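Participant: First the structure, then my questions, so here it is.
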Amino acid sequence: MPLAVIRTAVCAASLAAPALVLAQPSILPQQHDAAGNVMEPLGQVLLPDEDGQERLQWCTADHAWCVALQPSDTAGEASTTLVVTERAQGTGQPQSWHATMDVPDDGELAVWPWIVRLAPGVGADQPVADPQQRARQNVLVGGISTVRSMYSGGGARASTLQLARVRHLDDDIQVDNDVLALAWEGQADIRACFSEQDMKQRAGACHDEYGFSAKLSLDAAAQGMPVLRYQTVATRFPAGVSRFEDSLAKGPLKKKDLRTEQDPACTYVRTFRFSGGAYQPDQALPDCAGYTEP
C-alpha cells in the first residue's frame, strides 16, 4: 500500500476512534524506583462498577486497578468518595473499596489520573501471615478537589491533591484515606484598574495574574515505601505583584514589568518520605496562599 494511503487510513482510524481511550505508557510513561514500586498513568474506560452498571472509570492498562467517583446520594451535591476497584487474578469477582476525600462544601472532586502500585510486600505496615493476602498488591490512589471564587472583574480557583492508600491485611482491606495532601494547581485573575488613571499607571495591564502548578514523581533510588518528589512552579504577571499588596500603591508599571515571572519563594522541590502512617516533607513547605487559595 502506498505511504500516502497508509497515512490517510491511519488518520481516518484516529478520527473514528472512541474519545475514551486508555492512556498508553508511550504517551504518559511509567516511573519505577529501586524497590519495584511503579507510578502508572490511568486511562478512561467504560467498565461495570460495583453495582454491575457500566461507568466511566480510570484504569491501569491491564485493568487490574480502576478508580472512579462515587455519585453523591444527594442530587446536586459533589462526590466526596473514590471507588477503588481491584480485579486481581485468581480472586473471583472484582472487589471495591471506598476512599473518602476532604472536599470543601462548594468544591468538586476529580480522579487523579495516576496510581502508585507498590512492590510485593510493600505498604502493609505490619506482618501479613496469609500468603494470598501478602501476595496481593497495595496501592496509592488520589483525588483532586477544586474550589472556585468569583471577584469583581476576575476570579480564582485552587485544587488540592489527596492521596489514599489501599493495603491488604490478614483479615481485611485497610483504606487510609489521607496519607498526603498537597497544593496541586491554582489560578487567579484579579482586577487592578478602576479608572482611566489606573489604566495609565498600570500601562494597560489591568489584571494581576497568578498561576501555580505541581507534579509528583518517584525517587528512583527509594527502597520500601515510595519516596515522592514534589515540584512546584508559581508565576505572576506583571512581575513583582502580590495578592497581599495594593498593586496601585507600588507606583507606575514600566515596560520591563510587563512580563510573566516565576516567584522563587513558591517555586520549589520537596521530598516526601512515609513515616508514622503518612508522608512527611524533608523540610517545611513555604506559605504560598497567594497562589494556592482561591
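The values are calculated or read from the model by the stated rules, or taken from the named source; none is laboratory data. Note that the structure is predicted; figures quoted are calculated from it, not measured. All Cβ positions, glycine included, derive from the backbone under ideal geometry; neighbour counts span all protein chains shown. SASA here: full protein model, heavy atoms, side chains in, ligands and nucleic acids out. Shrake-Rupley method; radii C 1.70, N 1.55, O 1.52, S 1.80 Å.
Participant: Relative contact order for region 119-174: what percent, with Cα pairs under 8 Å and sequence separation of 6 or more? Don't skip to the answer; put the middle values down first.
Facilitator: Numbers: 81 pairs, mean separation 21.1, N = 56.
Answer for region 119-174 is 38 percent.
Participant: Roughly how many whole Å is it from the C-alpha centroid of region 191-269 to that of region 100-118?
Facilitator: Between the Cα centre of region 191-269 and that of region 100-118, the gap is 25 Å.
Participant: Turning to a different aspect of this structure: Ordering His63, His168 from largest to smallest accessible area (1.4 angstrom probe), what's the sequence?
Facilitator: Values: His63 65, His168 0 Å².
Reading off the accessible areas and sorting them downward yields His63, His168.
Participant: Here is a further query. Apply the Karplus parameterisation 6.51 cos²θ - 1.76 cosθ + 1.60, with θ equal to phi minus 60°, to every residue of region 138-147 and state each ³J(HN,Hα) to the nearest whole Hz, in sequence, with x for glycine and proline.
Facilitator: 9, 9, 10, 10, x, x, 10, 9, 10, 10
Participant: Keeping all protein chains in place and using 1.4 angstrom, which order do Met225, Met101, Met150 fall into by accessible surface area, from largest down?
Facilitator: Values: Met225 30, Met101 10, Met150 165 Å².
Sorted descending by solvent-accessible area, the residues read Met150, Met225, Met101.
Participant: Next question, about the same structure. Restricting everything to alpha-carbon atoms, can you work out Rg to Rh for region 25-69 with a Kirkwood hydrodynamic radius?
Facilitator: Values: Rg = 12.5 Å, Rh = 11.6 Å.
Rg/Rh: 1.07.
Participant: Contact order normalised by length for region 138-294, with contacts defined as Cα pairs under 8 Å and 6 or more residues apart; what percent is it?
Facilitator: 21 percent
Participant: Please calculate the 1.4 Å probe accessible area of His32, with all protein chains present, and give it to the nearest 10 Å².
Facilitator: 110 Å²
Participant: Using only alpha carbon pairs under 8 Å that are at least six residues apart, calculate the relative contact order of the chain and give it in whole percent. Walk me through the intermediate numbers first.
Facilitator: Working: 653 pairs, mean separation 38.1, N = 294.
Relative contact order comes out at 13 percent.
Participant: Moving on to the next point. Rounded to the nearest 20 debye, what is the charge dipole size of the chain about its Cα centre when +1 sits on each Lys and Arg Cβ and -1 on each Asp and Glu Cβ?
Facilitator: Dipole magnitude for the chain comes out near 1380 debye.
Participant: On the full set of protein chains, 1.4 Å probe, figure out the accessible area of Leu285 and give it in Å² to the nearest 10.
Facilitator: Roughly 70 Å² of Leu285 is accessible to a 1.4 Å probe.
Participant: Tabulate in residue order the Karplus-calculated ³J(HN,Hα) for region 277-282, using 6.51 cos²θ - 1.76 cosθ + 1.60 with θ = phi - 60°, rounded to whole Hz; enter x for Gly and Pro.
Facilitator: x, 7, 8, 10, x, 6
Participant: Excluding same-chain pairs closer than 8 in sequence, count the lysine pairs in region 187-294 whose Cα atoms lie under 29 Å apart. Display every interim value, and only then the final one.
Facilitator: Details: Lys200/Lys250; Lys200/Lys254; Lys200/Lys255; Lys200/Lys256.
Number of lysine pairs found: 4.
Participant: Next up: Longest exposed-loop-site-free stretch of the chain, with trypsin sites (Lys or Arg not before Pro), DSSP loop and at most 14 other Cβ within 10 Å? Walk me through the intermediate numbers first.
Facilitator: On the way: sites that count: Lys254, Arg259.
Between the exposed loop sites, the longest stretch runs 1-253.
Participant: Highest GNM mean-square fluctuation, the chain, Cα pairs closer than 10 Å: which of Gly43, Gly276, Gly211?
Facilitator: Gly276
Participant: Any idea of the accessible area per residue across region 219-289, 1.4 Å probe, to the nearest Å²?
Facilitator: Details: 4020 Å² over 71 residues.
The answer is 57 Å² per residue.
Participant: Over the chain, what percent of the accessible surface lies on carbon and sulfur atoms, probe 1.4 Å? Don't skip to the end; give the middle numbers.
Facilitator: Numbers: 8080 of 15690 Å².
Percent of accessible area from carbon and sulfur atoms in the chain: 52.
Participant: Another one. Heavy-atom accessible area per residue, region 79-140, 1.4 Å probe: how many Å²? Before the final figure, lay out each step's value.
Facilitator: Details: 3150 Å² over 62 residues.
I get 51 Å² per residue for region 79-140.
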